[in-house]
Amino acid sequence: MSAILAQHWDMLLPLLLIQAVSGYLIVKGIPWRRHYQGQLLLRGLAWVILLAAQYYLVFFIHEPPAAFGLGVLTLPMLMRLAQNTDLAQRRAQQQSVTAATNKLETAYIILRVNANTRAMNGEVRGGTFTGRHLEQLASEDLLDLLAEFRRTDKRSADILMTYLDHTQLDDWRARYRAKFIKSKEQMAREEALQILGLKEGASEEDIKTAYRRLMGRLHPDMGGSDYLAAKVNMAKDLLLPS
């Protein structure tokens, strides 16, 4: 192998230059974004195959001139590929700029939808996040905004839900329910705590003490109310299931 390198060193340097140029031309014009990873992978594989063929000609067939010629022949094709890629990218950019944009708006929110790419962006026009762009808001902020819109304006809430469906990859609806919508069990427990005059986190002994205190006042034998005594009993049974 060293003999081959010594004999054809003057040709190997141009060969390395051709390989570097071909690698550049193969990926030229493709954005380094996740959407284009598949295309970059395929082009990178094509470049590796070219390199493998050239080194096979050099080290196994002992034909460095043939490897050099293969690189020279592929350069025009790679240049045309790079030009076509640049042209396609420019056309895509022009289309995104000139594409008609659909607009949904209320007094609280405006949402723009690109007719070609379906990309969405918008801004808040009223409420807590007034003046902020939707794409600048964190996921939890968007959920807080939805809760606010549901209290103030249903149309704005519907528009924001459309944006969330399009941009949130996870199940944002489940996170919203867990954060803002109480279950029947949660509501019943909160009511039971209110009846006994306690807060969340009260211990078993706290519940028993509050129960005895209230029943001492509300028991029918003490002139209390049958209805209120029954409510206190129900609260204690819910918080201290047997």
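The values are calculated or read from the model by the stated rules, or taken from the named source; none is laboratory data. Just so you know, these numbers come straight off a predicted model, no measurement behind them. Glycine gets a Cβ as well: all are built from the backbone with ideal geometry, and neighbour counts include every protein chain shown.
Please tell me if GLU135 is farther than 19 Å from THR106 by Cβ and either in the same structural domain as GLU105 (by TED's automatic domain parsing) or exposed (fewer than 11 other Cβ atoms within 10 Å of the Cβ) (or both). Can you show your working first?
Working: farther than 19 Å from THR106 by Cβ: no; either in the same structural domain as GLU105 (by TED's automatic domain parsing) or exposed (fewer than 11 other Cβ atoms within 10 Å of the Cβ) (or both): yes.
Taking the combined requirement at face value, the residue does not satisfy it.
Filter segment 153-173 for residues that are within 13 Å of ILE109 (Cα to Cα) and exposed (fewer than 13 other Cβ atoms within 10 Å of the Cβ) and give the result. Can you show your working first?
Here is the first cut: in segment 153-173, the residues within 13 Å of ILE109 (Cα to Cα) are 153-163.
LYS154 - this is the single residue of segment 153-173 that is within 13 Å of ILE109 (Cα to Cα) and exposed (fewer than 13 other Cβ atoms within 10 Å of the Cβ).
Can you pull out every residue in segment 115-153 that is among the basic types (Lys, Arg) and free of Cβ contacts under 8 Å to residues at least 40 places away in the same chain?
ARG125, ARG132, ARG150, ARG151, listed by residue number.
Here's the yes/no breakdown for (1) in contact with a strand residue (DSSP E or B) (Cβ under 6 Å, 6 or more places away or on another chain); (2) more than 25 Å from ARG175 (Cα to Cα):
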site: THR117; (1), (2): no, yes
site: MET120; (1), (2): yes, no
site: PHE129; (1), (2): no, no
site: LEU134; (1), (2): yes, no
site: LEU137; (1), (2): no, no
site: THR152; (1), (2): no, no
site: SER156; (1), (2): yes, no
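Looking at MET187, is it farther than 26 Å from GLU148 by Cβ and either at pLDDT 80 or above or not β-branched (Val, Ile, Thr) (or both)?
no
Name the one entry in ILE26, ILE110, ILE61, ILE18 that is touching a helix residue (DSSP H, G or I) at 6+ places or on another chain (Cβ under 9 Å), in the same structural domain as LEU137 (by TED's automatic domain parsing) and either modelled with pLDDT of 70 or more or loosely packed, with under 12 Cβ neighbours inside 10 Å (or both). Working first, answer last.
Details: ILE26 fails: in the same structural domain as LEU137 (by TED's automatic domain parsing); ILE61 fails: in the same structural domain as LEU137 (by TED's automatic domain parsing); ILE18 fails: in the same structural domain as LEU137 (by TED's automatic domain parsing).
So the residue among ILE26, ILE110, ILE61, ILE18 that is touching a helix residue (DSSP H, G or I) at 6+ places or on another chain (Cβ under 9 Å), in the same structural domain as LEU137 (by TED's automatic domain parsing) and either modelled with pLDDT of 70 or more or loosely packed, with under 12 Cβ neighbours inside 10 Å (or both) is ILE110.
Regarding LEU198, is this residue modelled with pLDDT of 80 or more, outside the structural domain of VAL124 (by TED's automatic domain parsing) and part of a loop (DSSP other than H, G, I, E, B)?
So LEU198 passes the test.
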